[in-house]
Structure formats: structure tokens, C-alpha cells
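A quick write-up on the structure given underneath.
The values are calculated or read from the model by the stated rules, or taken from the named source; none is laboratory data. Since the structure is predicted, the reported quantities are computational estimates derived from the model, not experimental observations. Here Cβ is always computed from backbone atoms with ideal geometry, including for glycine, and neighbour counts include all displayed protein chains. Just so you know, the surface numbers come from the protein's heavy atoms only, side chains and all, with ligands and any DNA or RNA stripped out. Shrake-Rupley method; radii C 1.70, N 1.55, O 1.52, S 1.80 Å.
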Amino acid sequence: MHGSRHLWERLGWICDVAELIARQQLDWAALLKRAASADAERMFLLGVHLAERLLGAPLPPEVKQRCYQDPRMSSLADDIVEHLFNGPTHVPATSREIFKYNLGVRRTLSARARYLLYMLRPTDGDLASRSLPPSLNFAYYLTRPFRLFRTKI
């Protein structure tokens, strides 16, 4: 989940997943159930798919099948691989790329809605940018989308 949160920007995180898969006896059914109950199955599958694709991590056939049945898995993995290997230096993902990825890696409408609500929640930066009296705290929620658009997207 950590790697997914950061767009798998470090190959070391994928190596860690591959080593965990290769060296541990994993309860794949329990892992898949837990990921599905957290509405994070695509994030989980993307991590193991990258470990298998880039480093040959041995996945059980049912896990491989789930990865290949997901219509977005290949394009998400392609984007990550391109970003990892697109040059000699690391270039951080833009806010637009992060936003697009985070919507794409969430499979259900409810998961996407939760992410959008999370993005619209005022941050410490929003609170520090303007000092409002407590009676106007709701205005931080109204100005957050404009601040996001102006500074990040």
C-alpha cells in the first residue's frame, strides 16, 4: 500500500515485494480478501503484478489471472515502469499525474469518491494560507479546490 500511495516511484519497494513473495509462505486468499474489504484490491494487485513483471516474482495462477483480468492493470503498470526507467535521474510525478493515478488505481466509485473527498479536505497549508475566524472555517472547504487548481494542477 505504501508503494501504491507513492506511485511505486522507487524500484526498491518493488524489490521488497518480490523478495517477500519469493521468501515467505503467503496466505494469498487472506491477502486478497483483506485488500478487497479495504476497497484496495487494485492497489494490492498492482504491487504484486509489478514484482512479477519486473523481477519475476512467483505469483499463484489465481493471482496472475486476477491481474490480467483487470482492464486497467496493464496501463497502470506501463505508466509506472515508464516513470521508473524514463531517464538517468528521478523526476517526481506531477500533481496531475498523482491525481490521475489515484483515481485510476481505485476500482470502485465509492473508493474514488472517498479519494476526492480526501483531496478536498483542507490541509495545514490551506489553513496557514489564510487566517479565518472560527465562524468561517467552512470557507476553507470552499477555497480548497481553487487553491489546488492554482498551485498543483
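Values as computed for the structure displayed
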{"item": "Number of positions in segment 48-90 that are hydroxyl-bearing (S, T, Y) and over 16 Å from the mean Cα position of the chain (by Cα)", "result": "2"}
{"item": "Residue that is most open to solvent (accessible area, probe 1.4 Å) [pool: residues in segment 52-102 that are hydroxyl-bearing (S, T, Y) and closer than 12 Å to L7 by Cβ]", "result": "T94"}
{"item": "Pick from segment 142-153, criterion of a type outside the set (V, I, T) and at pLDDT 75 or above, ranking: most open to solvent (accessible area, probe 1.4 Å)", "result": "L142"}
{"item": "Hits in segment 1-51 - residues which are open to solvent by less than 40 Å² (accessible area, probe 1.4 Å) and in contact with a Pro (Cβ under 8 Å, 6 or more places away or on another chain)", "result": "I21, W28"}
{"item": "Evaluation of S37 against (1) touching a helix residue (DSSP H, G or I) at 6+ places or on another chain (Cβ under 8 Å); (2) more than 13 Å from I21 (Cα to Cα); (3) free of Cβ contacts under 8 Å to residues at least 60 places away in the same chain (one fails), failing number", "result": "(1)"}
{"item": "Exclusive hit being assigned to a loop (DSSP other than H, G, I, E, B) and either of a type in the set (F, W, Y) or free of Cβ contacts under 8 Å to residues at least 60 places away in the same chain (or both), set L59, L50, L76", "result": "L59"}
{"item": "Residue check for N86: closer than 28 Å to L55 by Cα and either small (G, A, S) or assigned to a helix (DSSP H, G or I) (or both)", "result": "no"}
{"item": "When residues of segment 103-127 are limited to those that are outside any helix (DSSP H, G or I) and closer than 16 Å to A36 by Cα, the one most open to solvent (accessible area, probe 1.4 Å)", "result": "R107"}
{"item": "Cβ pairs under 8 Å, 6+ apart, first in segment 1-26 and touching a residue at least 60 places away in the same chain (Cβ under 8 Å) and part of a loop (DSSP other than H, G, I, E, B), second among the β-branched types (V, I, T) and surrounded by 14 or more Cβ atoms within 10 Å (Cβ to Cβ)", "result": "L7/I80; L7/I98; W8/I14; W8/I80"}
{"item": "Test: residue in segment 125-145 that is closer than 21 Å to L7 by Cα and of a type in the set (S, T, N, Q)", "result": "no"}
